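Inspection log for the structure reproduced underneath, given as structure tokens.
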Amino acid sequence: MELSIIILNYNAAAFLEQCLYSVLKAVNNIDAEVIVVDNDSTDHSIEMLQHNFPQVKLITNHENLGFSKGNNIGVQHAQGDYLCILNPDTVVGETVFDEVLAFAKANPQIAFTTTQLIDGTGTYLPESKRNVPTPQIARQKILGNDSKYYASHLQKDDNGEVEVLVGAMMVCKKSVYEELGGFDPMYFMYGEDIDLSYTALQHGYQNYYLGKLKVIHFKGESTVKDRKYLERFYGAMGLFYNKHFKKSKIEKALVDLALKGIIATKSIENESVVSTSNSYRVLVTNDNKLQIGLCDKVATYKQLSDLKWNSQTQFIWDTATLSFDEIINFMAGNTSSQYTYRFLNFKRNLIIGSDSSSSRGEVKELILE
């Protein structure tokens, strides 16, 4: 088998459904398997998977084991020569796996390969490519200076070597993943992708960013931005520092004290969904019979570039008739606008989307006319 795609899920049923629909379209010409590891979800994720995607290999954990352990379990069951670690709140285009696999096969010195990630508004996510957070870089990051934390030597649409990739979308050879030990289970969530990327560099491998390929990452669908989130997020920085850069007990104490101070003073981000109630809604579909009551206009994909749109327009993508490559290209090419986007699922009974990479997305049930 050529490729195993491993998706770790926790309470992200609606976004996971969209993700799997895009993934299965993208592996149409690849000998691939899709493995979903569920970390004891309490929503209807399991029922949705069993009903809609019987071809997907499902592994159910009886507790939330975190990101590292959950993905490592998926790798243990994988049969593919190559792995793709993929988040459940992502959407991939039809050609992305073909292109990433071709690159990985031609470059065996590369450990991990990723693509450019964009959020639900089409905006580039800078964590797609990062530098190793050395103590100096981490201190600047904590103080709000991101200039050296992100890999600014490459533009967002460039291809090139980077030090650290993001765990939302990582492709590698399975044998390399196993050689490096996989994700370190001491990280429950956050930091494990930095750690594994750095471990690859220490073993003489390179990591690579393919900026011309784009994947949507809505972000935050499995994470509640509460105090525990802050403890895990900033605590991961402490774990990484202690594992790779610890020099003295005094320095470790200062780092731990600084991280505790940040956790104590950092404000919690608002979890509410950004309202788009006043948007001009356009249903984009190639089905001329499809109607949705909440939409003001229906247009085909080809008409999008021919017509003028209000800056507050919200496009609702009919994923049953459009290609994800087309959708992603449009979103990434119109970031200067104030457009927002929603995805009508293939069953046409839900729309999902997100207007902010720092808050949870929107899921709305629909009744078609």
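The values are calculated or read from the model by the stated rules, or taken from the named source; none is laboratory data. Keep in mind that this is a model prediction, so the values were computed, not measured. These accessible areas exclude ligands, DNA and RNA; they are computed on the full protein's heavy atoms, side chains included. Shrake-Rupley method; radii C 1.70, N 1.55, O 1.52, S 1.80 Å.
Points worth noting:
- The long axis of helix 249-265 is offset from the longest Cα principal axis of the chain by roughly 30 degrees.
- Tilt relative to the chain, helix 227-244 - C-alpha long axis, 0 to 90 degrees, to 10: 40
- Max mean-square fluctuation residue, GNM over the chain, Cα-Cα springs under 10 Å, options THR319, THR60, THR113: THR60
- A Cα-only calculation for the range 1-51 places Rg and Dmax at 11.3, 34 Å.
- For the range 1-114: accessible area per residue (Å², 1.4 Å): 36
- Gaussian network model of the chain, springs between alpha carbon atoms under 10 Å - residue of LEU180, LEU290, LEU213 with greatest fluctuation: LEU290
- Highest GNM mean-square fluctuation among LYS347, LYS141, LYS214, for the chain modelled with Cα contacts below 10 Å: LYS347.
- Where Rh is the Kirkwood radius over Cα pairs, Rg/Rh for the range 309-369: 0.96
- P(r) tail for the chain: Cα pairs beyond 35 Å make up 23% of the total.
- The range 50-90-the range 291-369 distance, computed between alpha-carbon centres (Å): 28
- For the range 1-88, Kirkwood radius (reciprocal of mean inverse C-alpha pair distance, Å): 12.8
- Look at where the Cα atoms of the range 108-124 and of the range 129-161 average out, and the two centres are 15 Å apart.
- Over the range 141-225: Rg over Rh, Cα atoms, Kirkwood Rh: 0.96
- Overall form of the range 47-166 per C-alpha gyration tensor (a/c, 1.5; a/b vs b/c): prolate
- The range 54-94: projected area of the alpha-carbon convex hull, averaged over directions, in nm²: 4.1
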